[in-house]
1. Rounded to a whole number of µm²/s, how large is the Stokes-Einstein D of the chain at 10 °C and 1.306 mPa s, given Rh as the Kirkwood radius over C-alpha pairs?
2. Can you compute the FRET efficiency between LYS92 and VAL70 using 1/(1 + (r/R0)^6), with r the Cβ-Cβ distance and R0 = 30 Å? Round to the nearest 0.05.
3. Quick one: with all protein chains in place, what share of the accessible area of the chain is carbon or sulfur, to the nearest percent (1.4 Å probe)?
4. Rounded to the nearest 0.05, what FRET efficiency do LYS25 and SER162 have when you use their Cβ-Cβ distance and R0 = 25 Å?
5. Which entries of LYS92/LYS198; LYS114/LYS158; LYS25/LYS158; LYS17/LYS111; LYS158/LYS194; LYS69/LYS164 have Cα-Cα distances beyond 20 Å here?
6. Please list 3J(HN,Hα) in residue order for the range 153-161, calculated via the Karplus relation 6.51 cos²θ - 1.76 cosθ + 1.60 where θ = phi - 60°; whole Hz, with x for glycine and proline.
7. With a ≥ b ≥ c the root eigenvalues of the C-alpha gyration tensor of the range 86-130, is it rounded (a/c under 1.5), prolate (a/b larger than b/c) or oblate?
8. Roughly what angle does helix 192-204 make with the longest principal axis of the chain, taking Cα atoms, 0 to 90 degrees, to the nearest 10?
Amino acid sequence: MTLDHTKIQEYESFLNKIPGIISSKIVLNQEGNIVELHILASTARNPKQISRDVQSALLAKYGIPLDHKVISIAQIQDESKICYSNSRLVLKNISISMEDSQIEARVVLTKDDKVFEGVSRGINFTQGRFRALAEATINAIQQFLGGECMFSVIDIQKTTISGKPVCIVAVSQVTEQIENFLVGSSPIEQDDNKAVVKAVLDALNRKLGKYA
């Protein structure tokens, strides 16, 4: 995909918002294709996860497909970064009930010995089911946060990366009149419902440490 040279700084600024990334540098060839993408990141996250987030974010935001082979990641110790590993919510159960043209999604998350349940309703078709699942997940997260932060689903897509099906979810976070764009992804194995929920958690779990 040919990129606009004048938007390189915009793309890099967008990538720098991904958790764990300190700075980024995009290198294009004469045809405007990305031939190198250099990432400087902290050691707080696995480089494979950072690489996957970069691919998912560029595809969801700008429609730019990216081969993981062009991404190079250098990591440095950054103790100012927060470690979120002990603050993650874990998926316990998903249930879906249908009646006529309506669907109800129920998602149960846990942290330690506490349970958080979210429910959402939608229209009974694939995209409606996905959105209901994503919103139910966010409702469970809001219950965990006690209303301290506001999230909303922007978009949900099924796509293919390196020949494998992936679910990508884009979420908006609003705090103090500032909107942040968050992206999460999850491989689709046997259950695309679970992939939607896991993609939402992938987008938000890293943001939850300071609220835990």
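The values are calculated or read from the model by the stated rules, or taken from the named source; none is laboratory data. Worth saying up front: this structure is predicted, and the values here are computed from it rather than measured. Here the Cβ positions follow ideal geometry from the backbone for every residue, glycine too, while neighbour counts run over all protein chains shown. Keep in mind that these areas ignore ligands, DNA and RNA; they rest on the heavy atoms of the full protein, side chains included. Shrake-Rupley method; radii C 1.70, N 1.55, O 1.52, S 1.80 Å.
1. Details: Rh = 18.0 Å.
Roughly 88 µm²/s, to the nearest whole number.
2. Details: r = 38 Å, r/R0 = 1.27.
Efficiency, from the Cβ-Cβ distance: 0.20.
3. That fraction is 46 percent.
4. Working: r = 23 Å, r/R0 = 0.91.
My answer for the efficiency is 0.65.
5. Numbers: LYS92/LYS198 11 Å; LYS114/LYS158 31 Å; LYS25/LYS158 28 Å; LYS17/LYS111 26 Å; LYS158/LYS194 13 Å; LYS69/LYS164 16 Å.
Result: LYS114/LYS158; LYS25/LYS158; LYS17/LYS111 exceed 20 Å.
6. Each residue's phi maps through the Karplus curve to give 7, 9, 7, 9, 9, 9, 9, 10, 10 Hz.
7. prolate
8. Approximately 60 degrees, to the nearest ten.
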